[in-house]
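Everything on this sheet refers to the single structure shown next.
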Amino acid sequence: MEAAILTEGLSKSYDSVLALDRLDLRIEPGEIFGFLGPNGAGKTTTIRLLLDLIRPTAGRASVLGMDCQRQSVAVRSSTGYLPGDLRLYPGLRGREMVDLMSGLRPKPVDRGYIRSLAARLELDLEKHAGSLSKGNRQKLGIILALLARPPLLLLDEPTSGLDPIAQRIVWDVLREEANRGTAVFFSSHVMSEVDQVCERVGILRAGRLVAVEPVAELKAHQFRHVEVSFAGGVPPPEVFQLAGVRELRRDHATLEFEVAGAIAPLLQALAPYHVRDLRTEQPTLDEVLLAFYHEAPA
Amino acid sequence: MTVGRFTRKALRDVHGAAIGAGVAVFLVVLLHAASFPSYDQIQVMHSPDALKGIFGEAGSISSPEGYTGAYVSNITVPLAIFTIVLGTRAIASEEEAGTLDLLLSQPVGRPRLLLSKAVGLALGMALAVADALPAFLLGGLVAEQQMSVWRFLAAVVSLLPFVAIFLSFGLWAGALLSNRALAGTVSAAVVVAMYFLNAIGGVVE
């Protein structure tokens, strides 16, 4: 099966500034892929390269087997795009924006789907784009990206400015599209939404891809916090001198650890003692990412 | 694939400017057509040849044809500058407004987008120029002028290639320089330079 997105050594530099450094990435049809990184990490540059809005300085990229430069019109036919800094024509109504963009599509769009999407998002398409709030403009942008129900969606921070209810609707819509086989390339620096929606994430730092992993694995590799309360006194420190286990805090009845990797050795060490309560917390994706941003070499 | 909607959008974008230009063309032509009798008695313009060269047909403004040709050609420069301003605005303003990315991410080749914009703008300007015809007819009635409508129409139609040339120049300048002010300044400078070259050419002949 052709990859929805395939990049090989894709690089982009502006004079002496390297915006994207040898990006190798493969995203499959039907996958929701989160592309994470702080501002300026190269997320938007990657999307603009895929759409041939800018040209790479090295490497190549293809969408569904089509070269992003030589077959750029065909690539854009297969792509729906939501820019991070969405700008619309303020004098046009939402419906007119839909008509305008539909007219540039090679095949007729499904008007019923557009209407149902607008209804789900509670967006009035008769209002002028210039009179819409930021959240409603974003909803219109999402509708425009989904207009032709293309096999690839490139969404640059899609839920920016949306309220939590609208965010959930958008996530549902994206899951539905993914179930139809649409690949969703989802750039964000909002970790919680990536955690909610994406199967795999790529972490970009200063133009370099520092990790590509399923969200669950990414979290599993990281430290987790463990807090143990004892009925009697706490065991002596030497009991917990285990690989991957670091004691953080100790008082008369409670111990707090940071555990890397498997938790089983700690549980075995605790077994002889009278444990009253044990709480473990997975790291949030924010913590995982902050660890990446601080640890990964630039 | 149709880009007709995009052409209509371009036409809609310039409709205010085109109406304004149309009103200006209408008033200028009406004023000139109605005031022809004031020039009717001028038999010979006693000016140096060089000056006659610069003003083209000015030497024969006592005839309806020469008079009409003179004022129609005088419309060309302001019309050219106005057309260039619209042309430069077409692409540069998309970039300034940030809508260019959304547009270029659609499955249409850039030349085609540019062409559909150009067609919309050209239609707008053609409608503005067409306002000269009713003004001429009305002015002719007032001044009881005998000049043939067809000859006047030919003079007006001769403006259209200029409009097309300056429009395409403005579009390219706007697309390449992506800054409306710079593109407009460069284009206006070119128009003025062309005007003077044309005038000097008349003197040399």
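General observations
- Just one of (1) open to solvent by less than 60 Å² (accessible area, probe 1.4 Å); (2) over 30 Å from B:Tyr195 (Cα atoms); (3) away from chain A (no Cβ under 14 Å); (4) of a type outside the set (S, T, N, Q) fails for B:Ala155. It is (2).
- Screening B:Val129 with (1) farther than 18 Å from B:Ala173 by Cβ; (2) within 14 Å of chain A (Cβ to nearest Cβ); (3) part of a helix (DSSP H, G or I) gives one miss only, at (2).
- Hey, B:Leu113 within 16 Å of B:Lys9 (Cβ to Cβ), without any contact (Cβ under 8 Å) to a residue 24 or more places away in the chain, within 14 Å of another protein chain (Cβ to nearest Cβ) and touching a helix residue (DSSP H, G or I) at 6+ places or on another chain (Cβ under 9 Å) or not: no
- For the range A:242-266, the set of residues classified as open to solvent by 80 Å² or more (accessible area, probe 1.4 Å) and either in a strand (DSSP E or B) or more than 21 Å from A:Glu217 (Cα to Cα) (or both) consists of A:Arg246, A:Arg249, A:Arg250, A:His252, listed by residue number.
- Single condition A:Ala119 does not satisfy, out of (1) among the small types (Gly, Ala, Ser); (2) open to solvent by 60 Å² or more (accessible area, probe 1.4 Å); (3) under 26 Å from B:Glu95 (Cβ atoms): (3)
- Output for the range A:43-80, where each listed residue is assigned to a strand (DSSP E or B), open to solvent by less than 40 Å² (accessible area, probe 1.4 Å) and among the hydrophobic types (A, V, I, L, M, F, W, C): A:Ala61, A:Val63, A:Met66
- Looking across A:Pro83, A:Pro90, A:Pro106, one residue alone is surrounded by fewer than 17 Cβ atoms within 10 Å (Cβ to Cβ), within 9 Å of another protein chain (Cβ to nearest Cβ), under 13 Å from B:Gln106 (Cα atoms) and in contact (Cβ under 8 Å) with a residue 12 or more places away in the chain. It is A:Pro106.
- Among the residues making up the range B:1-23, a single one is open to solvent by 30 Å² or more (accessible area, probe 1.4 Å), β-branched (Val, Ile, Thr) and modelled with pLDDT under 85: B:Thr2.
- Among the residues making up the range A:155-187, those that are open to solvent by 20 Å² or more (accessible area, probe 1.4 Å) and assigned to a helix (DSSP H, G or I) are A:Pro164, A:Ile165, A:Gln167, A:Arg168, A:Ile169, A:Asp172, A:Arg175, A:Glu176, A:Asn179.
- Condition met for A:Leu152 (open to solvent by 20 Å² or more (accessible area, probe 1.4 Å) and at pLDDT 95 or above): no
- Selection of the range A:36-72 for residues being in contact with a helix residue (DSSP H, G or I) (Cβ under 9 Å, 6 or more places away or on another chain) and either at the interface with chain B (Cβ under 9 Å from one of its Cβ atoms) or under 16 Å from A:Pro151 (Cα atoms) (or both) yields A:Arg48, A:Leu50, A:Leu51, A:Asp52, A:Leu53, A:Ser62, A:Val63, A:Leu64, A:Met66, A:Asp67, A:Cys68.
The values are calculated or read from the model by the stated rules, or taken from the named source; none is laboratory data. Bear in mind that the values here come from a model prediction, so they are computed numbers and not experimental data. Neighbour counts are summed over all protein chains in view; Cβ atoms, including those assigned to glycine, are modelled from backbone coordinates with ideal geometry. Protein only, heavy atoms only, side chains kept; ligands, DNA and RNA dropped before computing areas. Shrake-Rupley method; radii C 1.70, N 1.55, O 1.52, S 1.80 Å.
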